[in-house]
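What follows is a set of notes on a single structure, which appears directly below.
The values are calculated or read from the model by the stated rules, or taken from the named source; none is laboratory data. Bear in mind that the values here come from a model prediction, so they are computed numbers and not experimental data. Cβ placement follows ideal geometry from the backbone for every residue including glycine, while neighbour counts extend to all protein chains displayed. What goes into the accessible areas is simple: the full protein's heavy atoms, side chains included, and nothing from ligands, DNA or RNA. Shrake-Rupley method; radii C 1.70, N 1.55, O 1.52, S 1.80 Å.
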Amino acid sequence: MNVLEALSVPEELLAAEPTEERGPGRGRDSVRLLVSRGTAVSHHDFRALPALLRAGDLLIVNTSPTLAAAVDGRIGSSRVVVHFSTLGSDGRWAVELRDPDGKGSTRARAGGPTAVALAGGASLVLEEPLDPAGRRLWWARVSSAGAPADVPGLLDRYGRPIRYTYTKKDQPLSAYQTVFALPQPGGLGSAEMPSAGRPFTAPLVAELVSRGVQFAPITLHTGVASAEAHELPYPERFEVPAASARLINAAKAGGGRIVAVGTTGVRAVESATGPDGIVRPAAGWTDLVVTPERGVRVVDGLITGLHEPEASHLLMLEAIAGRPALERAYAQAVRGLYLWHEFGDSHLILRDESGDAMNCSGNDW
């Protein structure tokens, strides 16, 4: 068993509410920021990010908005919650069924070919599992009055953000939108918040720009996470626009560091990067899973949250930081009482540039 697998995250370190609800005068950027440079670890406030980056660096940001993707339904007399994950190319939606657990959150429910009655007279029919090896996500058709239903409209009217049992209560959809979110064609978006972007505020973005840090927008619509099984991510819709590809290539050529805001940014831009390290415009579906064996071709760093020791996202983090750096950072995150999950603290991973991977900062804990 490796160090990360043996790591225990105490329940009190699971962020139960947005940081702005934890006390007066706190904003989204009031979270803490753990910084890894190789195996060196230092501790900061997120507002210190502009001082930790430099002119010429470039941040990849995800413009996908968060959907109100959880909708109540019924199978006969039984209540269920439907999590809408991803719109397929054939008009069907990948969905997950969950059982209400009395806490405003839900437990995973075994799927199967069945019909679910939804609010507003719509109905959903599960047709086949998304992954033949599993039965968590299913392809489903959604109809209303015999015609294909307007699912984004259904979510706008009857949905609420997906949340899990470690949070205290339902939050308004605005709590799950990042400063980078933009309306998308067809009302599409992410089933779960691209949460690495949550601590950014307009003033912080303005300060970064004033210091010469560039931004390259991409879009990746996240699907429903596997909160219990920690499966590898399923294929997701993404786009890397031509303008962003040019910005990334130019920054890289000029010696700037390419830092993705979130694992979604890594997945999107690495899907558009060839073996030659050149980013090209791309759109469609990506099934890329970034692992230490595959490695990264263009990304030099990552701003992300803290992930559970079993989470598949840690494979991507290891590909960027290396196993020793990741183990050290996570051990110190627990020791330093950092908060986990989408309302928690942040982790900035940068490649070691000192030539001494074992060099540790003076404010190392």
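Annotation: residue 343 fulfils all but one of (1) in a loop (DSSP other than H, G, I, E, B); (2) modelled with pLDDT of 95 or more; (3) in contact with a helix residue (DSSP H, G or I) (Cβ under 6 Å, 6 or more places away or on another chain); the unmet one is (3). Suppose we filter the stretch 316-331 for residues that are in contact (Cβ under 8 Å) with a residue 60 or more places away in the chain and either within 19 Å of the chain's Cα centre (by Cα) or not in a helix (DSSP H, G or I) (or both); how many remain? Number satisfying all stated conditions: 4. When 174, 190, 195, 210 are screened for being within 26 Å of residue 279 (Cβ to Cβ), open to solvent by 70 Å² or more (accessible area, probe 1.4 Å) and among the polar types (S, T, N, Q), only 210 passes.
With respect to the conditions (1) more than 19 Å from residue 223 (Cβ to Cβ); (2) in contact with a Leu (Cβ under 6 Å, 6 or more places away or on another chain), residue 19 lacks only one, and its number is (2).
Among residues belonging to the stretch 60-87 that are hydroxyl-bearing (Ser, Thr, Tyr) and open to solvent by 30 Å² or more (accessible area, probe 1.4 Å), point out the one that is nearest to residue 244 (Cα to Cα). The qualifying residue nearest to residue 244 (Cα to Cα) is 78. Of all the criteria given as (1) under 22 Å from residue 266 (Cβ atoms); (2) open to solvent by 60 Å² or more (accessible area, probe 1.4 Å), the one not satisfied by residue 90 is (1). Across the stretch 296-350, the qualifying residues are those that are among the acidic types (Asp, Glu) and closer than 19 Å to residue 199 by Cβ, and the one among them that is least open to solvent (accessible area, probe 1.4 Å) is 345. If residue 101 satisfies every condition in (1) crowded, with 21+ Cβ neighbours inside 10 Å; (2) of a type outside the set (A, V, I, L, M, F, W, C); (3) touching a residue at least 60 places away in the same chain (Cβ under 8 Å) but one, which is the exception? Unmet condition: (1). What number of residues within the stretch 21-39 are at pLDDT below 95 and out of contact with any Asp or Glu (no Cβ under 7 Å at 6 or more places or on another chain)? Looking only at that region, the number is 6.
If you filter the stretch 268-295 down to residues that are surrounded by 18 or more Cβ atoms within 10 Å (Cβ to Cβ) and touching a strand residue (DSSP E or B) at 6+ places or on another chain (Cβ under 6 Å), you find that the one that is farthest from residue 37 (Cα to Cα) is 282.
The lone criterion from (1) surrounded by fewer than 21 Cβ atoms within 10 Å (Cβ to Cβ); (2) touching a strand residue (DSSP E or B) at 6+ places or on another chain (Cβ under 8 Å) left unmet by residue 231 is number (2). If I filter the stretch 44-59 for residues that are part of a strand (DSSP E or B) and either surrounded by fewer than 18 Cβ atoms within 10 Å (Cβ to Cβ) or free of Cβ contacts under 8 Å to residues at least 12 places away in the same chain (or both), do I get at least one hit? Scanning the stretch 44-59 turns up at least one residue that is part of a strand (DSSP E or B) and either surrounded by fewer than 18 Cβ atoms within 10 Å (Cβ to Cβ) or free of Cβ contacts under 8 Å to residues at least 12 places away in the same chain (or both).
When the test is whether a residue is surrounded by fewer than 13 Cβ atoms within 10 Å (Cβ to Cβ) and at pLDDT 90 or above, residue 113 does not pass it.
Of the residues screened, residue 147 is one that is farther than 30 Å from residue 60 by Cβ, surrounded by fewer than 20 Cβ atoms within 10 Å (Cβ to Cβ) and not acidic (Asp, Glu). Pairs linking a residue in the stretch 6-19 that is closer than 14 Å to residue 337 by Cβ to a residue that is among the acidic types (Asp, Glu), with Cβ atoms under 8 Å and 6 or more positions apart or on different chains, are 9/308; 15/342; 15/345. Kindly indicate which of 4, 34 is in contact with a His (Cβ under 7 Å, 6 or more places away or on another chain) and either closer than 20 Å to residue 166 by Cβ or not hydrophobic (A, V, I, L, M, F, W, C) (or both). Being in contact with a His (Cβ under 7 Å, 6 or more places away or on another chain) and either closer than 20 Å to residue 166 by Cβ or not hydrophobic (A, V, I, L, M, F, W, C) (or both) holds for just one of 4, 34, which is 34.
Residues that are of a type in the set (S, T, N, Q), buried (at least 19 other Cβ atoms within 10 Å of the Cβ) and part of a loop (DSSP other than H, G, I, E, B) within the stretch 1-43 comprise just one, 39. If you check 174, 143, 123 for being hydroxyl-bearing (Ser, Thr, Tyr) and either outside any strand (DSSP E or B) or closer than 30 Å to residue 217 by Cα (or both), only one passes: 174. Considering every residue within the stretch 238-247, establish whether at least one is of a type in the set (Lys, Arg) and without any contact (Cβ under 8 Å) to a residue 12 or more places away in the chain. Yes, the stretch 238-247 has at least one match.
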